[in-house]
1. For Leu155, work out the one condition from (1) more than 17 Å from Thr115 (Cα to Cα); (2) among the hydrophobic types (A, V, I, L, M, F, W, C); (3) touching a residue at least 40 places away in the same chain (Cβ under 8 Å) it doesn't fulfil.
2. Please work out if Val161 is among the aliphatic types (A, V, I, L, M), within 19 Å of Glu76 (Cβ to Cβ) and touching a residue at least 12 places away in the same chain (Cβ under 8 Å).
3. Do you know which residues across the range 69-85 are farther than 20 Å from Trp213 by Cβ and touching a residue at least 40 places away in the same chain (Cβ under 8 Å)?
4. Residue by residue through the range 197-216, note down the ones that are more than 14 Å from Leu71 (Cα to Cα) and surrounded by fewer than 17 Cβ atoms within 10 Å (Cβ to Cβ).
5. Out of all the residues in the range 86-98, which are modelled with pLDDT of 90 or more and either among the β-branched types (Val, Ile, Thr) or closer than 20 Å to Ile210 by Cα (or both)?
6. Restricting the search to the range 164-216, which residues are at pLDDT below 95, part of a loop (DSSP other than H, G, I, E, B), farther than 19 Å from Gln89 by Cβ and not charged (D, E, K, R)?
7. Please enumerate the residues belonging to the range 106-150 that are modelled with pLDDT of 95 or more, among the β-branched types (Val, Ile, Thr) and either part of a strand (DSSP E or B) or under 15 Å from the mean Cα position of the chain (by Cα) (or both).
Amino acid sequence: MLRFGIPLAVVMCLCLVGGQAITAPRALGICIDVMGVIVAMLLLFVCYFFRDPDRAIPSDPAIIVAAADGLVVSVEEMDEPDFQLGRRQRIAIFLSVFDVHVNRSPVAGRVKKTTYKAGQFLDVRHVDASTRNEALAWLIETEHGPVAVRQIAGLVARRIVAWAKEGSALERGDRFGMIRFGSRTEVFLPTNCTVLVKPGDRVQGAATPIARWPST
């Protein structure tokens, strides 16, 4: 947040101070004041965008939680594309610029591998965004088997930020990264999991159950 917030704060202060200092022509001072207000609004939006609220994680260890806030746009069975895990149930979540963009681990496990793929920046609601856009995929090894999570950059989001690393141990709901300004997060689960969401559902990262591990 500091990368965006500090420059905006500096520009805002310069505009507001400059607008008050200029006495003639007054029209120029008013324009600078207006610019300062606009920058202040942008600063407030940046603070809002980078919010990171705590979440209540379901106590049931069999529950798999959402990896991000947003709208479920797809639930389907398909081949996992990054780690050759075979057929998986993919749950895709669209994050608008108004959603919390911190990504959370849907499962407890260890990051076995990550893989980055350069690509385009299509709107993440585009049918080909999952295969053509820039993406960072995570392979998480769990006691139930491997789970893959995919962070996909979008039309506005041009920066995927990874906080965890290969070898990191993650609990359900742990923060592992974020995507700035609109994005898509996909979770690839074993086919024997019971999916608990459908397209059109809104979910909260770390808090909303999206699936359940099979009974053992």
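The values are calculated or read from the model by the stated rules, or taken from the named source; none is laboratory data. Quick caveat: nothing in here was measured; it's all calculated off a predicted structure. Because the Cβ atoms are built from the backbone with ideal geometry, glycine has one as well, and the counts that use them run over all protein chains shown.
1. Result: Leu155 passes all but (3).
2. No: the conditions fail for Val161.
3. Asp69, Gly70, Leu71, Val73, Ser74, Pro81, Asp82
4. Arg212, Pro214, Ser215, Thr216
5. Correct list: Arg87, Arg88, Gln89, Arg90, Ile91, Ala92, Ile93, Phe94, Leu95.
6. Phe181, Gly182
7. Those that are modelled with pLDDT of 95 or more, among the β-branched types (Val, Ile, Thr) and either part of a strand (DSSP E or B) or under 15 Å from the mean Cα position of the chain (by Cα) (or both): Val111, Thr114, Thr115, Ile140, Thr142, Val147, Val149.
Every residue, every condition in (1) crowded, with 18+ Cβ neighbours inside 10 Å; (2) among the hydrophobic types (A, V, I, L, M, F, W, C); (3) out of contact with any helix residue (DSSP H, G or I) (no Cβ under 6 Å at 6 or more places or on another chain), yes or no:
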site	(1), (2), (3)
Leu95	yes, yes, yes
Ser105	yes, no, yes
Gly109	yes, no, yes
Phe121	no, yes, yes
Ile140	yes, yes, yes
Asn192	no, no, yes
